[in-house]
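Asker: I'd like to ask some things about the structure below.
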């Protein structure tokens, strides 16, 4: 397939594909799926070998969020029967993190529901970061606290945070259909604040919310322009009690195509399979490791994930290895902290094959409507263990 050959060559050169090429990946047939995975796998191996980075989520504050994000079980008006609790104390959060680190995770992601942190919240999280780092030498800590105010990213950096996560989730054009209590521009601003403070930016998307192929390509191209170091790809978990509970638009094959498209557009970035992989990829999860180089270990914020032991077995059985604490995740040209300067080989969003009115490649045929997956609400299990409970975590 000439398309795949072109995409591999561009990926190995860290060159941006055209928008038409990205759309063509999403339009490929099931007959071509293994070829697509193999091609994107070449790009993944060029920059990340066969390493899989493990990340572990700790939900510091669960539920009761004033925002109305339609996909979220913690949203304003949600009737999902999730755990609800206020801030974990630093020692509680450190104990929760220890379970994931013992399972092989090298990054702990500290998440709290809400629009954004108050200055007091930043102090709380700073104390938690210190508690985790005092107990675990070399651990990476990523904070995910919502929209940041001026100066807060710098304070988190001073406290020892390595990264900050804030996802774009969907395209700018359709963002208001998903959330009304803040804007797409608010999210972009927070990612930029993290960059400016010297934090490694982490920003990704949610697939399966009823978006079009064009929306998916738009948000991934926007992410490429923002140039985060890691891009989490979430697949919607349709929680009962949320507005998107009936959205079952994903198949394992479509999830693989989405991951492949993200890898081609962001070839040298940590692509992480995040929430929903067990629900939508199911037995195809091992194939996804040929596309992504990072996963979450164990449970998510409000839902249960695959057992940590099963994750480790899956990685080994698929011929991959867990990335060690002494290994650098990003390729050398990115690990120095470059973020978008054109003369340093980083991505500034302006490179690639767009030039005035011309684009490289031919326009693909219109994508067929994605096959609707059979609803599997039996796979959506509310988390009842780990942080905020007296039960041992799943790690």
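Asker: What does DSSP give for the chain in terms of the percent of beta bridges that are antiparallel, rounded to the nearest 5? Walk me through the intermediate numbers first.
Answerer: On the way: 3 of 35 bridges.
Bridges in the chain that DSSP calls antiparallel: roughly 10 percent.
Asker: Which FRET efficiency value, to the nearest 0.05, do you get for residue 120 and residue 154 by plugging their Cβ-Cβ distance into 1/(1 + (r/R0)^6) with R0 = 22 Å?
Answerer: 0.85
Asker: Rounded if a/c is under 1.5, else prolate if a/b is larger than b/c, else oblate: which is region 111-234, with a ≥ b ≥ c the root eigenvalues of its Cα gyration tensor?
Answerer: Prolate is the answer for region 111-234, as a/c is 1.5 or above and a/b outweighs b/c.
Asker: Give the relative contact order (percent, whole number) for the chain; include only Cα pairs under 8 Å separated by 6+ residues. Working shown, then result.
Answerer: Details: 806 pairs, mean separation 96.9, N = 395.
Over the chain, the number comes to 25 percent.
Asker: Something else now. Taking neighbour Cβ counts within 10 Å as the exposure measure, how do 141, 380, 25, 328 sort from fewest upward? The partial results should precede the final answer.
Answerer: Values: 141 23, 380 19, 25 28, 328 10.
So the residues, fewest neighbours to most, are 328, 380, 141, 25.
Asker: What nm value, rounded to one decimal, do you get for the distance between residue 385 and residue 127 when each label is placed 7 Å out toward the C-beta?
Answerer: Placing both labels 7 Å beyond Cα along the Cβ direction yields 3.0 nm.
Asker: If you don't mind, another one. Taking the Cα centre of each part, how many Å lie between region 143-207 and region 305-335?
Answerer: For region 143-207 versus region 305-335, the Cα centre distance is 25 Å.
Asker: What list do you get for 213, 326 if you sort them by fewest beta carbons within 10 Å?
Answerer: 326, 213
Asker: Could I have the simple spin-label model distance between residue 309 and residue 180, label points 7 Å from Cα toward Cβ, reported in nm to one decimal?
Answerer: 4.8 nm
Asker: Further question on the same structure: Find the relative contact order for region 1-157 and round it to a whole percent, using C-alpha pairs within less than 8 Å whose residues are 6+ positions apart.
Answerer: Contact order relative to length: 20 percent.
Asker: Assign one of three labels to the chain, namely rounded, prolate or oblate, based on the Cα gyration tensor with a ≥ b ≥ c the square roots of its eigenvalues; rounded applies when a/c is under 1.5, prolate when it is not and a/b is larger than b/c, and oblate otherwise.
Answerer: rounded
Asker: List 133, 309 from most exposed to least, where exposure is judged by having the fewest other Cβ atoms within 10 Å.
Answerer: Ascending number of Cβ neighbours within 10 Å: 309, 133.
Asker: Quick one: grab the alpha carbon gyration tensor of region 121-191, order the square roots of its eigenvalues as a ≥ b ≥ c, and give me rounded if a/c is under 1.5, else prolate or oblate depending on whether a/b is larger than b/c. Before the final figure, lay out each step's value.
Answerer: Values: a/c = 3.12, a/b = 2.38, b/c = 1.31.
Taking the square roots of the gyration eigenvalues as a ≥ b ≥ c, region 121-191 is prolate.
Asker: Hull surface divided by four, with the convex hull built on the Cα atoms of region 189-246: how many nm²?
Answerer: Over every viewing direction, the Cα hull of region 189-246 projects on average to 4.7 nm².
Asker: What translational D, rounded to a whole number of µm²/s, comes out for region 34-170 from Stokes-Einstein when the hydrodynamic radius is the Kirkwood one over Cα pairs, at 4 °C and 1.567 mPa s?
Answerer: Calculated translational D: 79 µm²/s.
Asker: Something else: At what distance in angstrom do the alpha carbon centres of region 32-51 and region 80-131 lie from each other?
Answerer: Region 32-51 and region 80-131 have Cα centres spaced 34 Å from each other.
Since every read-out is calculated from the coordinates, none of them should be taken as a lab result. Because the structure is predicted, anything quoted here is derived from the model rather than measured. Note: ideal-geometry Cβ built from the backbone for every residue, glycine included; neighbour counts use all protein chains shown.
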